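For reference, the structure is listed below as structure tokens.
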Amino acid sequence: MAGDKFIIPTERVYQCILVIRGLRVVLDADLAKLFGVTTKRLNEQVKRNPDRFSEDFMFQLTAEEKAEVVANCDHLSRIRFSAVRPHAFTEHGAIMAANVLHSPRAVEASVLVVRAFVRLRQTLATHRELAEKLAELERRIGSHDEAVRTLMMAIHQLMEPPSQPPGERIGFRPRRGLSGRGEPGSSWRRR
């Protein structure tokens with residue numbers, strides 16, 4: 001059965017994960033394609049096992065949510081004219097769906113889906129940590145900016161020459177005597 005192995009590109013699995021109602025989910029059409037069954041077959045098995053699919057595992061999209069998903073996701077344009085609103089499966093719902101399908105491909109694909117959810121969580125955690133570090137840096141720089149601005153103003157004030165008030169200059173100048181040359185013996189006066 002080694003020839004029956006299937007290959008799903010990892011990026012394809014990541015593209016299937018959407019955020020709806022604040023939850024990361026995979027729509028039934030994408031999940032069925034990953035599991036190698038029709039959407040109808042997947043939804044039949046879900047209906048036959050309602051006790052396995054609580055609201056935190058699976059929910060049905062509203063008409064508005066369906067319209068938004070179709071508008072934003074090119075790969076889901078095929079569900080645009082479907083009369084049935086799609087179901088959205090969380091990570092746990094996808095595992096449960098693989099269990100009710102009882103096919104080896106569904107089990108294998110569910111492992112890929114779970115790994116994709118885990119990797120997405122790790123990526124988001126890394127981005128959250130980075131965002132927190134940037135916010136802290138901005139707070140630090142913000143307080144430093146004010147201190148640097150104050151320091152620069154003080155330096156500029158020190159660089160300006162002091163202004164002298166108008167008034168008399170201090171010092172002596174010779175008074176011109178009879179000869180007019182300010183020779184010794186001539187009188188001096190204050191300026």
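Where a number appears in this text, it was derived from the coordinates with a stated rule and is not lab data. It should be emphasised that the depicted structure is a prediction, and the values quoted were computed from it without experimental measurement. Here the Cβ positions follow ideal geometry from the backbone for every residue, glycine too, while neighbour counts run over all protein chains shown.
Descriptive notes on the structure:
- Annotation for the stretch 47-99: trypsin sites (Lys or Arg not before Pro) lying in DSSP loop with at most 13 further Cβ atoms inside 10 Å of their Cβ are Arg80.
- Taking Cβ atoms as reference points and 12 Å as the exclusive limit, the residues near Glu64 contribute a net charge of +1, counting Lys and Arg as +1 and Asp and Glu as -1.
- In the stretch 46-110, the chymotrypsin sites (Phe, Trp or Tyr not before Pro) that fall in loop regions by DSSP, at most 11 other Cβ within 10 Å: Phe81
- Estimated translational D of the stretch 8-120 in µm²/s (Stokes, Kirkwood radius over Cα pairs; 25 °C; 0.890 mPa s): 177
- Relative contact order of the stretch 8-120, taken over Cα pairs closer than 8 Å and 6 or more residues apart, is 35 percent.
- Within the shell of other residues whose beta carbon sits under 12 angstrom from the beta carbon of Thr123, the net charge comes to +3, with Lys and Arg scored +1 and Asp and Glu -1.
- Electrostatic dipole magnitude of the stretch 8-120 [Cβ: Lys, Arg +1; Asp, Glu -1; Cα centre; debye, to 20]: 300
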